[in-house]
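What follows is a short report on a single structure.
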Amino acid sequence: QFATRVVSCREAELRPEGGGEPVRGFQVVLEDTILFPEGGGQVRRGRDRAASEAARPGPGNGSLSPQPDDRGLIDAVPVLRVTRRGPEAVHFVETALEPGSAVMLSLDWERRFDHMQQHSGQHLITAMAELMFGFKTTSWELGRQQSVIELDTPSMTTEQMEALEQSVNEKIRERIPVTVRELSADDPEVETVRSRGLPSDHAGPVRIVDIEGIDSNMCCGTHVSNLSDLQVIKLLCTEKGKKNKTNLVFLAGNRVLKSVEQSHRTEKALTSLLKNGPGEHVEAVKRLQSSVKLLQKNNLNLLRDIAVFIAKDFKSKPVHSPLFVLHRKEGDSEFMNIIANEIGKEETLLFLTVGDEKEAGLFLLAGSVEAVENLGPRVAELLEGKGAGKRGRYQGKATKMSRRGEVQALLQEFISQQRNEA
C-alpha cells in the first residue's frame, strides 16, 4: 500500500482488451504511484515512481513487447488500466476522484509478482541462451498464460533446449542476487550493458538490472531481487518464428505450479474416463480414434445407402408429387446430392435439409434451372442463410432451420402458380 494524493481527474473512455463497447470512466494522475504502467520508455525519476520505472522491459536486443501494467485499488476504487503519458502514470477508474484529496493506493501483488517472475525469468533465459549457444534475443512477449522469447536462430534442438532448461534452474538453485543500479546517461558503462538503446523521450539516469555474474541489462521493468524467487523455469517448446527465427515458449514460478496442477486434474479425469493408468492413456486414445474413424466410415456408407433407398422409393410410386421435401438430422451435403442425383427429374422440385431442426444446418434446392434460379435466393433468405447454385442446384448453410415450413409454403405456392399458367 502507498499513501498519495490525486493531482487530476478527467473524463475518458477505455477500450476493453478483448474488444467490445468502450467503458466510460476517468483518467486519474496521482502525485506518485506504485502501479507499473504498460508501455515503454525511461523517464525522469522523482515525481512519478512507477512511470520512472516504465522503461521498455526486456533483454535489450531488437524490438520488445511492453510489460503488462499492474492492477490495484485507489481507496476502494478498482484501477482497470495504467498507462504511461510522458513522465506520468495514468490510472483509469470508473469513479471520479477529487483532485487534491488524500488516497491510499493498493497493489494487486499476485499479478505484480507473476510479472516479476516472468520478466526476470526471461532475462535469465536470454542471458544463458546467448552465453551457451550464441542465440541472441530479438523480442519477447509476456503473455497471460505463457511467455515467448524470439531467438535469432533458425532452429533449436531438443538437446539444446534441455541443456538450457537445466542450466537456468541450476542458477535459480544457486540463489544468485538480482540488483538494480542507476548510471548517468553519459556513463561509459552504459555502452557495455545489454540494450536496444534509450527511448527518444529519455531523461535522467539509466536503470540497469544485474543478475550477478550472468547479465547486465538496461531495463526498467519489475523484477525479483534473487533468482531463488523464480522457483523454477519450464521451457515448454519451440515454434518456427518469422524471418528465420525461433520462438521459445516458457513458464516461470507460480505458472509452472499452476500448469502442473492443471495437468494433474486432466490426468485424473482421463484415468476415470479411460479406466486405465496415466501410462496407458496415449494408447487408449489411439484405439478410440481408430474406432471412431471406422464408425464414421460405416455411418457414411449407411447414409449413402439410405439416400439411394429414399430416392428409389420415390421413383417407384406410380404418381410423382411435383414437390419432394425431406429433413434428416444426421446427414451432409453428399447425402442430399445423392438423393437429388438418383431422382434426377427436373419436373420435381426437391427441398432437402440436414441438421438440428431448431438450430443451423444445410439445405439443397434442386429442380429445373428456371425454378431454382428464381427460388434459391428466396429460400436462403427465409432460412437466414447463404447459398449459391448452378445448373438446377442451389445449396448452402441455414441458421434458422425452424423456418422450413415457410420455405415449403413458398414452394407450394410457386408450383400452384406454374400449374395455373399451364
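The values are calculated or read from the model by the stated rules, or taken from the named source; none is laboratory data. Here the structure is a predicted model, which means the values were calculated and not measured. Virtual Cβ from ideal backbone geometry, glycine too; neighbours counted across all protein chains shown. Note: areas computed on protein heavy atoms with side chains; ligands, DNA, RNA excluded. Shrake-Rupley method; radii C 1.70, N 1.55, O 1.52, S 1.80 Å.
Helical content of the chain, expressed as a calculated mean residue ellipticity at 222 nm, amounts to -11500 deg cm²/dmol (DSSP H runs of 4 or more residues, -39,500 (n - 2.57) each, divided by residue number, nearest 500). Structure remark: mean-square fluctuation, Gaussian network model of the chain, C-alpha springs under 10 Å; the largest value among I343, I176, I34 belongs to I343. Compute the Cα gyration tensor for segment 373-422, then decide on rounded, prolate or oblate, letting a ≥ b ≥ c be the square roots of its eigenvalues: rounded whenever a/c is under 1.5, prolate when a/b is larger than b/c in the other cases, and oblate in all that remain. Oblate is the answer for segment 373-422, as a/c is 1.5 or above yet b/c matches or exceeds a/b. Near A12: Cβ cut-off under 12 Å, other residues only, Lys/Arg at +1 and Asp/Glu at -1. The net charge is +2. Most fluctuating residue of H119, H264, H320 in a GNM of the chain with Cα springs under 10 Å: which is it? Evaluated over the chain, the most mobile residue of the options is H320. Of all beta bridges that DSSP places with both ends in the chain, some 90 percent have antiparallel geometry.
Stretching N337 away from E21 to a fully extended chain increases their span by 109.4 nm, per 0.36 nm per residue minus the current alpha-carbon distance. Taking 7 Å steps out from each Cα toward its Cβ at E370 and R111 produces label points 6.8 nm apart. Solvent exposure of the chain amounts to 53 Å² per residue of accessible area, where only protein heavy atoms count and the probe is 1.4 Å. For segment 237-365, rounded, prolate or oblate, judged on the Cα gyration tensor with a ≥ b ≥ c (square roots of eigenvalues), a/c < 1.5 rounded, else prolate if a/b > b/c? Prolate, since a/c reaches 1.5 and a/b exceeds b/c. Run through the DSSP bridge list for segment 301-421 and note the antiparallel percent, rounded to the nearest 5. Looking only at bridges with both residues in segment 301-421, the antiparallel portion is about 75 percent. Mean sequence separation of contacting Cα pairs (under 8 Å, at least six apart), scaled by the length of segment 301-421, corresponds to a relative contact order of 20 percent.
Accessible area of R304 (1.4 Å probe, protein heavy atoms only, ligands and nucleic acids ignored): about 80 Å². Fully extending the segment from N254 to K286 would add 8.2 nm, taking 0.36 nm per residue of separation and subtracting the current Cα-Cα distance. The relative contact order of the chain comes to 11 percent, based on Cα pairs under 8 Å that sit 6 or more residues apart. With the simple model of a label 7 Å out from the Cα in the direction of the Cβ, S8 to V319 spans 8.6 nm.
If you take the alpha carbon atoms of the chain and fit the smallest convex hull around them, that volume is 233 Å³ per residue. Taking every protein chain into account, the 1.4 Å probe leaves E182 with about 90 Å² of accessible area, to the nearest ten. Taking 0.36 nm per residue of separation and subtracting the Cα-Cα distance, full extension of the segment from D186 to R391 would add 66.0 nm. Electrostatic tally near L303: other residues with Cβ closer than 14 Å to its Cβ, Lys and Arg +1, Asp and Glu -1, net -1.
Between the beta carbons of D305 and E421, assuming R0 = 30 Å, the FRET efficiency works out to 0.15 to the nearest 0.05. Relative contact order of segment 365-422: 30 percent, from C-alpha pairs under 8 Å at least 6 residues apart in sequence.
Computed on protein heavy atoms with a 1.4 Å probe, the accessible areas place R111, R391, R15, R404 in the order R391, R15, R111, R404, largest first. Taking every protein chain into account, the 1.4 Å probe leaves E346 with about 120 Å² of accessible area, to the nearest ten. Applying 1/(1 + (r/R0)^6) with r as the Cβ-Cβ distance of E347 and E381 and R0 = 25 angstrom yields a FRET efficiency of 0.50.
Assuming R0 = 51 Å, what is the FRET efficiency of L410 and L295, from their Cβ-Cβ distance, to the nearest 0.05? The computed FRET efficiency comes out at 0.85. Distances longer than 25 Å among the Cα atoms of segment 301-421: what percent of all pairs is that? Result: 16 percent of Cα pairs exceed 25 Å.
Screening the chain for whole DSSP H helices of 15 Å or more along their axis (Cα) with average Kyte-Doolittle hydropathy at least -1.0 returns 109-133, 254-274, 281-315, 333-343, 369-382, 404-421.
Taking a ≥ b ≥ c as the square roots of the eigenvalues of the alpha-carbon gyration tensor, segment 124-194 is classed prolate because a/c is 1.5 or more and a/b outweighs b/c.
Give me the net charge of K312's neighbourhood, meaning all other residues with Cβ under 15 Å from the Cβ of K312; Lys, Arg count +1, Asp, Glu -1. Overall, the nearby charge balance is +1. With 20 Å as the limit, the listed pairs K297/K397; K312/K345; K315/K397; K136/K245 have K297/K397; K315/K397 beyond it between alpha carbons. Placing K358, K397 in order of accessible area, with the largest value first and a 1.4 Å probe, yields K358, K397.
Computed from phi, the 3J(HN,Hα) profile of segment 358-366 under the Karplus parametrisation 6.51, -1.76, 1.60 (θ = phi - 60°) reads 9, 10, 8, x, 10, 9, 9, 10, 9 Hz, with x in place of Gly and Pro.
Highest GNM mean-square fluctuation among L30, L274, L227, for the chain modelled with Cα contacts below 10 Å: L274.
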